[in-house]
Amino acid sequence: MKLLKRLTETDAPSGREGEIRNIIKAEAQKLGYEVSEDALGSIIAHRPGKGRKVMLDAHLDEIGIIATYIDDNGFIRFGAVGGLYIKELHKRRVRFENGTIGVIGAEEKSFDEKAEISKLYVDIGARSKREAEKLVKPGDTAVFDGSFRKQGSTIISKALDNRAGCYVLLKAMEQIKKSGNDLYFVFSSQEEVGLRGAKTAAFGIMPDYAIAVDVTDTGDTPSCEVMEVKLGGGAAIKVMDNSVMCDINVVRVLRKLAETGKIPHQTEIMADGGTDAGAIALTGSGVRAGGISIPVRYIHSPSELANTEDIKACVKLVKMACEYNW
Ligand code: CO
Ligand code: ZN
């Protein structure tokens, strides 16, 4: 899990994925893959084959914030990079690209009435606009400060969405034995701001089949929304989310592979949120797409929580999907 730790500790909000891109590029090259990059910043690792074009996808980016304005007292106003839970941001730590740490503060009275991002600011301890601008300028991005912790089979970290998915792809790439497929592993940019990188990457490849690997919510915490997915329940095979109706044959194949491989698996229907599968499915004249998801609690927070057994199950299922004769 050293690699997963390293991936989560890298800061890369949407559009600022340079650092994580370099790490993943190097890992893929170490495994002997031909690696290229497209204009939006997605990494594409190719393993040529004579069979069907199969695209495996995991997004590189993580949610964050972007400084929009600094007031005379040095408080930094910001916008969202991706789907933030505004109500939960108050008093959280963020880290800017140059390492500057800030705390998110709120205009307390008005924030209690109406939790809007415009009522929040980042406090870096500066006493004036000039002092603040030495460290942070409008346009600079930041991510949550949330260190990686492992206790037994539990992992708690920022950015498990979706470095856990990147990890799954890299591990599967390492373990594939025989495959007749023409395999493309895409580490896509800008998912959190609207499934953007996967779209251009899929257009460049035009695969016959695609599988997006990402995280999914769970329905197993006290009095949460009901949902089939449980932490520790294995690889979640996506049927639907609000961006995609998965190709039913892809769903059937993944279930069959999980059964023959004795891989713990479960069914995912995610009511809220989309995945790259949706963007890929709508590329060109359409792509048969599905998804394999890693159960994660507290998604889009500095303390996302996952289970290593689920991650292992996903690695095995992705590997089998790569080897399957599509
Ligand atoms: Co996300
Ligand atoms: Zn994600």
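The values are calculated or read from the model by the stated rules, or taken from the named source; none is laboratory data. All of these numbers come straight from a predicted model, not from anything done at the bench. No Cβ is skipped: glycine too gets one built from the backbone with ideal geometry, and neighbour counts run over all protein chains shown. Areas reflect the complete protein model, heavy atoms only, side chains present, ligands, DNA and RNA absent. Shrake-Rupley method; radii C 1.70, N 1.55, O 1.52, S 1.80 Å.
Before moving on, here are some points about what is shown:
- Relative contact order computed over region 1-121 (Cα-Cα under 8 Å; 6+ residues apart), in percent: 18
- Mean ellipticity per residue at 222 nm, deg cm²/dmol - from DSSP H runs of n ≥ 4 across the chain, formula -39500 (n - 2.57): -8500 deg cm²/dmol
- Note on K150: lysines with a C-alpha under 23 Å away, same-chain residues under 8 apart excluded, are K2, K5, K158, K171, K230, K312, K316.
- Judged by the mean number of other Cβ atoms found within 10 Å, the most tightly packed of the peptides 222-228, 141-147 leads the ranking 141-147, 222-228.
- √(5λ) per eigenvalue of the Cα gyration tensor, region 1-138, largest first, Å: 38, 16, 12
- Taking a ≥ b ≥ c as the square roots of the Cα gyration tensor eigenvalues, region 223-280 comes out oblate, since a/c reaches at least 1.5 and a/b does not exceed b/c.
- Fraction of beta bridges assigned by DSSP in the chain that are antiparallel (%, nearest 5): 60
- The protection proxy used here, the mean number of other Cβ atoms lying within 10 Å of each residue, ranks peptides 79-86, 315-322 as follows, highest first: 315-322, 79-86.
- Residues listed by number, region 134-154, amide nitrogen under 20 Å from S118 label point at 7 Å toward C-beta: 138-139
- Overall shape: oblate for region 251-321, with the ratio a/c of the largest to smallest alpha carbon gyration tensor axis at 1.5 or above and b/c at least equal to a/b.
- Protein accessible area in the chain, 1.4 Å probe - carbon and sulfur %: 49
- Calculated FRET efficiency for the pair K178/K30, C-beta based, R₀ 22 Å, to 0.05: 0.60
- 1.4 Å probe accessible area per residue over region 38-195, in Å²: 45
- Gain on full stretching of the segment that runs from S285 to L3 - 0.36 nm per residue minus C-alpha separation: 97.8 nm
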